1. Does the stretch 174-188 contain at least one residue that is closer than 19 Å to residue 110 by Cα and either assigned to a strand (DSSP E or B) or in contact with a strand residue (DSSP E or B) (Cβ under 7 Å, 6 or more places away or on another chain) (or both)?
2. State which residue is modelled with the lowest pLDDT when the search covers only the stretch 128-171 and only residues that are within 11 Å of the ligand (Cβ to nearest atom) and either in a helix (DSSP H, G or I) or closer than 26 Å to residue 57 by Cβ (or both).
3. Out of 148, 212, I need the residue that is in contact with a strand residue (DSSP E or B) (Cβ under 7 Å, 6 or more places away or on another chain), on the phi < 0 side of the Ramachandran plot and buried (at least 20 other Cβ atoms within 10 Å of the Cβ). Which one?
4. Given (1) free of Cβ contacts under 8 Å to residues at least 40 places away in the same chain; (2) surrounded by 22 or more Cβ atoms within 10 Å (Cβ to Cβ); (3) over 19 Å from residue 113 (Cβ atoms), where does residue 39 come up short, assuming only one miss?
5. Please verify whether the stretch 71-78 includes one or more residues that are out of contact with any strand residue (DSSP E or B) (no Cβ under 6 Å at 6 or more places or on another chain), within 16 Å of residue 91 (Cα to Cα) and assigned to a helix (DSSP H, G or I).
6. Among the residues of the stretch 83-112, which ones are more than 8 Å from the ligand (Cβ to nearest atom), in a loop (DSSP other than H, G, I, E, B) and within 17 Å of the chain's Cα centre (by Cα)?
7. Does residue 42 satisfy being assigned to a strand (DSSP E or B), in contact with a strand residue (DSSP E or B) (Cβ under 9 Å, 6 or more places away or on another chain) and either closer than 22 Å to residue 150 by Cα or more than 13 Å from the ligand (Cβ to nearest atom) (or both)?
8. Looking only at the stretch 197-208, which residues are surrounded by fewer than 18 Cβ atoms within 10 Å (Cβ to Cβ) and either more than 17 Å from the chain's Cα centre (by Cα) or assigned to a strand (DSSP E or B) (or both)?
Ligand SMILES: C[S@@+](CC[C@H](N)C(=O)[O-])C[C@H]1O[C@@H](n2cnc3c(N)ncnc32)[C@H](O)[C@@H]1O
């Protein structure tokens, strides 16, 4: 995701980022976050057999998945993946590929998602930094609702060093922000700089893995 703007949306729309605003970005192909493939660090971790996975369970959730490139990469690892994005435009781009891998694409508000069965893994990439910071507590509640105790929350933390005064999206996000969003029932298991970043990404990226403790 970058600060590049098409200039085609009204200034109000660019500030508010409602569902309609995201939908318009897809319709107008103004989607600098979409490179047509999974994040390079996801590809690297998978290729060296080091993508963080829970010791048991193969149910994974990718909230705010957009065209589902990361979701498909995780599905290819053998996970039964649910991708959620509330725009029909993202669904039209990603659902068929994810479903072909046995996954499910849900077109609804990820922050309100309440699954019948909890997940073993949640993968986060450019969804948390895309929502208004006032919605971060809802995001944390959703993660606590959907992830089973012992499950992993794997997050690409981005944009780490973006000046906060620039606003967003993407809104600045660092490890302390993620800790605060998740709350005290999550333990940090690992945290490192991203080895393979996207060419042209303007701000620092880090990989963090949290484990959900007992509720
Ligand atoms: C910057 S894009 C990133 C998409 C994807 N993670 C990727 O890396 O390609 C943010 C996505 O979040 C989606 N989104 C924003 N708020 C949402 C919500 N409350 N529920 C579901 N999707 C949401 C938008 O439609 C958009 O596709």
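1. The answer is yes, given that some residue of the stretch 174-188 is closer than 19 Å to residue 110 by Cα and either assigned to a strand (DSSP E or B) or in contact with a strand residue (DSSP E or B) (Cβ under 7 Å, 6 or more places away or on another chain) (or both).
2. Ranking the candidates gives 135 first.
3. On the way: 148 fails: buried (at least 20 other Cβ atoms within 10 Å of the Cβ).
Matching residue, one of 148, 212: 212.
4. Exception for residue 39: condition (1).
5. Within the stretch 71-78, the subset out of contact with any strand residue (DSSP E or B) (no Cβ under 6 Å at 6 or more places or on another chain) is 72-73, 76-78.
Pick out the ones that are also within 16 Å of residue 91 (Cα to Cα) and you get 72.
Filter once more, keeping what is assigned to a helix (DSSP H, G or I): 72.
Within the stretch 71-78, one or more residues are out of contact with any strand residue (DSSP E or B) (no Cβ under 6 Å at 6 or more places or on another chain), within 16 Å of residue 91 (Cα to Cα) and assigned to a helix (DSSP H, G or I).
6. Result: 103, 107.
7. no
8. 199, 200, 202
The values are calculated or read from the model by the stated rules, or taken from the named source; none is laboratory data. The structure displayed is predicted, hence computed values, not measured ones. Please note: Cβ atoms are built from the backbone with ideal geometry, for glycine as well, and neighbour counts cover all protein chains shown.
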